[in-house]
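Asker: Handing you this structure, nothing more for now.
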Amino acid sequence: MEIKITKTTNPKTKPAKGEKLGFGRIFTDHMFIMNYTEGKGWHDARIVPYQKISLDPSAMVFHYGQEMFEGLKAYRGVDGKIRLFRPDMNAKRAAASNERLCIPKIPEDDFVEAIKAIVKVDQDWIPDEEGTSLYIRPFVIATDEFLGVAPSKTYLFIIILSPSGAYYENGLAPVGIWIEDDYVRAVRGGMGFAKTGGNYAASLAAQVKAHDDGYSQVLWLDGVERKYIEEVGAMNIFFKIDGKVVTPMLNGSILPGITRNSVITMCKDMGYEVEERKISVDELIEAAHSGRLEECFGSGTAAVISPVGKLRYVDDVFTINNNEIGELSQKLYDTITGIQWGKGEDKFNWAVIL
Ligand SMILES: *Cc1c(COP(=O)(O)O)cnc(C)c1O
């Protein structure tokens, strides 16, 4: 793929050292953009100054939500090198999301090449304070000017970058999670496994409810029986029960997290028995009340590992591991972040150095 690069003549002021970056509010100087036209395929890959895009109000994405996105990070290592974490997995998942949403596939090599190219152009934007990173947001939108319901014949693939602060300011901290018993996020046969805005739109009402009650995230149950555990807002979920690591199996309605996949590989490597299976909320509550639920944590690119200290289900609220960080949670966090920041051994060759 040939990528034409046009550099900005008017660079922005970068955040000062030590400035609080937060998440997703600051954007770099450039963006990657590529068009799709039916009959022509993906074309005109280019890196241009970060700018607004102009779309017709009838552009299909606004009406029927035909879009997909990805999320990953670039890390400035302790050795000064820039690393990505398993970007090939994002390319594969993007292809699966695209297929579900009738968006033409982006060749996986091109997807990774585009990410590397834009990160290289804006590499001076990668913060280097501990725990910080450059968040990478690739996405595709349907752009046909047409109100009919059908797959669009034109698309834009765009990648934007956002320097982000440390997720944890003072080390890992357990969160409280609301098990949602009314709203559902996705159903089998739907698009739960795809990373697409519609799934997030479906999640907002429950998230608002959980926040109002003081819980930071929602744990979803299956969309049919509202009985089996699926995943958390933007994280997959793991339990340690009786010494075994248990996580819901991928069933079509759960997002296949790259962190999830990495956690499973690492737990097996550490000698844990890992079960990917159905787990009902009743089984979880029974395990919690009988003291067999030893740890619970979420996994995702943003937090890496998020220990869960409290779970709420209808009228039942229970504490896990005394609301403290579990040994396994801490170890997984240290191992994954060790690979990402070049501090520890990369046994599985997951880091891609730019
Ligand atoms: C992105 C995402 C995850 C986590 O995936 P990672 O690849 O580990 O970041 C989990 N659930 C949902 C709904 C997501 O969108």
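Asker: State whether the residues of region 239-256 include one that is within 12 Å of the ligand (Cβ to nearest atom) and aromatic (Phe, Trp, Tyr).
Answerer: Taking region 239-256 and keeping what is within 12 Å of the ligand (Cβ to nearest atom), we get 247-248, 250, 253-256.
Filter once more, keeping what is aromatic (Phe, Trp, Tyr): none.
No, region 239-256 contains no residue that is within 12 Å of the ligand (Cβ to nearest atom) and aromatic (Phe, Trp, Tyr).
Asker: Go through 268, 343, 331 for me and flag whichever is without any contact (Cβ under 8 Å) to a residue 12 or more places away in the chain, closer than 28 Å to residue 93 by Cα and open to solvent by 60 Å² or more (accessible area, probe 1.4 Å).
Answerer: 268
Asker: Somewhere in region 248-258, is a residue farther than 24 Å from residue 340 by Cβ, in the same structural domain as residue 185 (by TED's automatic domain parsing), out of contact with any helix residue (DSSP H, G or I) (no Cβ under 9 Å at 6 or more places or on another chain) and surrounded by 20 or more Cβ atoms within 10 Å (Cβ to Cβ)?
Answerer: Initial filter on region 248-258 (farther than 24 Å from residue 340 by Cβ): 248-249, 251-253.
Those still in the list that are in the same structural domain as residue 185 (by TED's automatic domain parsing) too: 248-249, 251-253.
Remaining after also requiring out of contact with any helix residue (DSSP H, G or I) (no Cβ under 9 Å at 6 or more places or on another chain): 248-249, 251-253.
Next cut, surrounded by 20 or more Cβ atoms within 10 Å (Cβ to Cβ) only: 248, 253.
Scanning region 248-258 turns up at least one residue that is farther than 24 Å from residue 340 by Cβ, in the same structural domain as residue 185 (by TED's automatic domain parsing), out of contact with any helix residue (DSSP H, G or I) (no Cβ under 9 Å at 6 or more places or on another chain) and surrounded by 20 or more Cβ atoms within 10 Å (Cβ to Cβ).
Asker: While we're here: Please indicate, with yes or no, whether at least one residue in region 150-164 is of a type in the set (Ser, Thr, Tyr), more than 13 Å from the ligand (Cβ to nearest atom) and farther than 30 Å from residue 46 by Cβ. Spell out how you get there, then give the answer.
Answerer: If we filter region 150-164 for residues that are of a type in the set (Ser, Thr, Tyr), which is where we start, we get 152, 154-155, 162, 164.
Those still in the list that are more than 13 Å from the ligand (Cβ to nearest atom) too: 152, 154-155, 162, 164.
Then drop every residue that is not farther than 30 Å from residue 46 by Cβ, which leaves none.
Within region 150-164, none of the residues are of a type in the set (Ser, Thr, Tyr), more than 13 Å from the ligand (Cβ to nearest atom) and farther than 30 Å from residue 46 by Cβ.
Asker: Next question. Filter region 190-222 down to the residues that are at pLDDT 95 or above and part of a loop (DSSP other than H, G, I, E, B), then identify the one that is farthest from the ligand (Cβ to nearest atom).
Answerer: 222
The rows are residues; the columns are (1) within 16 Å of the ligand (Cβ to nearest atom); (2) out of contact with any helix residue (DSSP H, G or I) (no Cβ under 7 Å at 6 or more places or on another chain); (3) free of Cβ contacts under 8 Å to residues at least 12 places away in the same chain.
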| residue | (1), (2), (3) |
| --- | --- |
| 260 | yes, yes, no |
| 280 | no, yes, no |
| 287 | no, yes, no |
| 304 | yes, no, no |
| 308 | yes, yes, no |
| 315 | no, yes, yes |
| 324 | no, yes, no |
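Asker: Just one of the numbered conditions (1) in contact with a strand residue (DSSP E or B) (Cβ under 7 Å, 6 or more places away or on another chain); (2) more than 28 Å from residue 133 (Cβ to Cβ); (3) aliphatic (A, V, I, L, M) is not true of residue 224; which one?
Answerer: Going through (1) in contact with a strand residue (DSSP E or B) (Cβ under 7 Å, 6 or more places away or on another chain); (2) more than 28 Å from residue 133 (Cβ to Cβ); (3) aliphatic (A, V, I, L, M) one by one, residue 224 breaks only (1).
Asker: Now, a different point. Against the definition (modelled with pLDDT under 95 and within 24 Å of the chain's Cα centre (by Cα)), how does residue 20 come out, yes or no?
Answerer: Values: modelled with pLDDT under 95: yes; within 24 Å of the chain's Cα centre (by Cα): yes.
Against the criterion (modelled with pLDDT under 95 and within 24 Å of the chain's Cα centre (by Cα)), residue 20 qualifies.
The values are calculated or read from the model by the stated rules, or taken from the named source; none is laboratory data. Computed from a predicted model, the values in this text were never measured in an experiment. Note: ideal-geometry Cβ built from the backbone for every residue, glycine included; neighbour counts use all protein chains shown. Ligands, DNA and RNA are stripped out before the accessible areas are found, and what is left, the full protein with its side chains, is counted by its heavy atoms. Shrake-Rupley method; radii C 1.70, N 1.55, O 1.52, S 1.80 Å.
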